[in-house]
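**Student:** Below you will find the structure I want to go over with you.
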Amino acid sequence: IKAIAIAIKFGLIGLLFSVFINATAFITALLLVAMVLVYTYGTKQHFILGPVTMGLCRGLSLLLGTAASGQFPNLPFLAALGITGYVAALTFLARQETTTRTLSKPARLLPMGFGLLTLALMIPTLIHQPFTPVATLVLFLSWAGAIRSGWNGSVMVHNPEQRPAAIGQLVRALVFYQAALCVTYGDGTVGLAILCCWPLATWLGRWFYSS
């Protein structure tokens, strides 16, 4: 009960802050809170709707941050859709983490597929972006890291013994996707700061797979 009360308080505080930012941020925050509630009390145990709802929570979180920046007309909706699919596929695989059954190849490759889709959907914006050397380097490292982590995770998840580590690697790949998104739609410096979290996440991942 205490945990629920704390969650409600922080949720209301977040909504209150979004009111003072702009109307779009408030509407996006409302949708995000609604999806969190739907997942927690409705779809969490559902085979398909659970992962999809979790993906929507992540996608809306991305859109909320962009809306709060005041750049809502230029929101990367398609990239957010890719992240939604990536997290949904990852959540589906995570539910098989403790099972010993063999996963089908399409299921194993789902996160990788949505990850590549996310990167591909950035290309139209990248074509018109003026890049600094730092932004170019960060973008290259982000794409390379995302593809490498996605492929390794998709291959490793085939082995039940390696499955927890594989899921963790796919979770940590989100660092690369978010850094790439920052460079594509915003600031290369912010992308660099996010990219610097990768070594720490990898180090922590030795003990906590999903760090």
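The values are calculated or read from the model by the stated rules, or taken from the named source; none is laboratory data. All figures in this text were calculated on a predicted structure; none of them were measured in a lab. As a convention, Cβ positions derive from the backbone with ideal geometry for all residues, glycine included, and neighbour counts pool all protein chains shown. These accessible areas exclude ligands, DNA and RNA; they are computed on the full protein's heavy atoms, side chains included. Shrake-Rupley method; radii C 1.70, N 1.55, O 1.52, S 1.80 Å.
**Student:** Along the charge dipole of the chain, pointing to its positive end and built from +1/-1 on Cβ of Lys, Arg, Asp and Glu, which listed residue (S104, A7, I194) has its Cα farthest out?
**Tutor:** About the Cα centre, the residue reaching furthest to the positive side is S104.
**Student:** Turning to a different aspect of this structure: Scan segment 140-211 for trypsin sites (Lys or Arg not before Pro) in coil per DSSP, keeping those whose Cβ has at most 10 other Cβ atoms within 10 Å, and list them by number.
**Tutor:** Working: sites: R148, R172, R206; in loops: R206.
Passing sites in segment 140-211 are R206.
**Student:** Residue separation times 0.36 nm, minus the C-alpha to C-alpha distance between S104 and R148: what's the value? Please report the intermediate quantities before stating the final value.
**Tutor:** Numbers: separation 44, 0.36 × 44 = 15.84 nm, distance 2.06 nm.
Value of the extension gain: 13.8 nm.
**Student:** On to the next question. With point charges of +1 on the Cβ of Lys and Arg and -1 on the Cβ of Asp and Glu, referenced to the Cα centre of the chain, which listed residue (N159, T24, T118) lies farthest in the positive direction of the dipole?
**Tutor:** The residue sitting farthest along the positive end of the dipole is N159.
**Student:** Right, here's the next one. How large is ³J(HN,Hα), in whole Hz, for each residue of segment 160-165 in order, when computed from phi with the Karplus curve 6.51 cos²θ - 1.76 cosθ + 1.60 and θ = phi - 60°, using x for Gly and Pro?
**Tutor:** Once rounded to whole Hz, the list reads x, 5, 8, 4, x, 5.
**Student:** Quick one: if the Förster radius is 30 Å, what FRET efficiency do A193 and A23 give, using the C-beta to C-beta distance and rounding to 0.05?
**Tutor:** 0.55
**Student:** I48 accessible area, nearest 10 Å², 1.4 Å probe?
**Tutor:** The value for I48 is about 90 Å².
**Student:** Full extension from R95 to R206: what is 0.36 nm times the residue separation minus their Cα-Cα distance, to one decimal in nm? List each step's numbers first, then the result.
**Tutor:** Working: separation 111, 0.36 × 111 = 39.96 nm, distance 2.07 nm.
Working it through step by step, the gained length comes to 37.9 nm.
**Student:** Tell me, what HN-Hα J-couplings in whole Hz come from the Karplus equation 6.51 cos²θ - 1.76 cosθ + 1.60 at θ = phi - 60° for each residue of segment 146-155, using x for Gly and Pro?
**Tutor:** Those phi angles translate into 5, 5, 5, 5, x, 5, 4, x, 5, 6 Hz.
**Student:** Cα centroids of segment 3-22 and segment 103-159: how far apart, whole angstrom?
**Tutor:** Result: 33 Å between the Cα centres.
**Student:** At R0 = 35 Å, how high is the FRET efficiency between A120 and I4 if r is their beta carbon distance? Nearest 0.05 is fine. Show your work: numbers first, answer last.
**Tutor:** Numbers: r = 40 Å, r/R0 = 1.15.
Taking R0 as 35 Å, the efficiency between A120 and I4 is 0.30.
**Student:** Quick one: if the Förster radius is 35 Å, what FRET efficiency do H128 and V155 give, using the C-beta to C-beta distance and rounding to 0.05?
**Tutor:** It comes out at approximately 0.50.
**Student:** With +1 assigned to the C-beta of every Lys and Arg and -1 to the C-beta of every Asp and Glu, and no other charges, what is the dipole magnitude of the chain about the Cα centre in debye, to the nearest 20?
**Tutor:** Magnitude of the dipole: close to 520 debye.
**Student:** Of the residues L181, L137, L90, which exhibits the maximal mean-square fluctuation in a Gaussian network model of the chain defined by a 10 Å Cα contact cut-off?
**Tutor:** In this elastic network of the chain, the residue with the biggest mean-square fluctuation among L181, L137, L90 is L137.
**Student:** In segment 1-75, which trypsin sites (Lys or Arg not before Pro) are in a loop and have at most 14 other Cβ atoms within 10 Å, using DSSP for the loop call? Could the numbers behind the result be given before it?
**Tutor:** Numbers: sites: K2, K9, K44, R58; in loops: K44.
Passing both the DSSP loop test and the Cβ count: K44.
**Student:** Straight-line reach from K105: which lysines have Cα under 26 Å away, leaving out those fewer than 8 places along the same chain?
**Tutor:** Partners within reach: K44.
**Student:** Which residue fluctuates most in the GNM of the chain (Cα springs below 10 Å): L119, L93, L16?
**Tutor:** L16
**Student:** Is segment 1-84 rounded, prolate or oblate when judged by the Cα gyration tensor, a ≥ b ≥ c being the square roots of its eigenvalues, rounded requiring a/c under 1.5 and prolate requiring a/b larger than b/c? If you can, show how the numbers build up before the last one.
**Tutor:** Numbers: a/c = 3.16, a/b = 1.16, b/c = 2.73.
Taking the square roots of the gyration eigenvalues as a ≥ b ≥ c, segment 1-84 is oblate.
**Student:** Also: Output ³J(HN,Hα) for segment 41-48: one whole-Hz value per residue in order, computed from phi by the Karplus curve 6.51 cos²θ - 1.76 cosθ + 1.60 with θ = phi - 60°, and x for Gly and Pro.
**Tutor:** Per-residue couplings from phi come out as 10, x, 10, 3, 8, 6, 4, 9 Hz.
**Student:** Once a ≥ b ≥ c are taken as the square roots of the eigenvalues of the Cα gyration tensor of the chain, is the result rounded (a/c under 1.5), prolate (a/b larger than b/c) or oblate (a/b not larger than b/c)?
**Tutor:** Details: a/c = 1.72, a/b = 1.07, b/c = 1.61.
Because a/c hits 1.5 or more and a/b fails to exceed b/c, the chain counts as oblate.
**Student:** How high is the relative contact order of the chain? Use alpha-carbon pairs under 8 Å, at least six apart in sequence, and give a whole percent. Don't skip to the end; give the middle numbers.
**Tutor:** Details: 268 pairs, mean separation 33.1, N = 211.
Dividing the mean separation by the residue count of the chain yields 16 percent.
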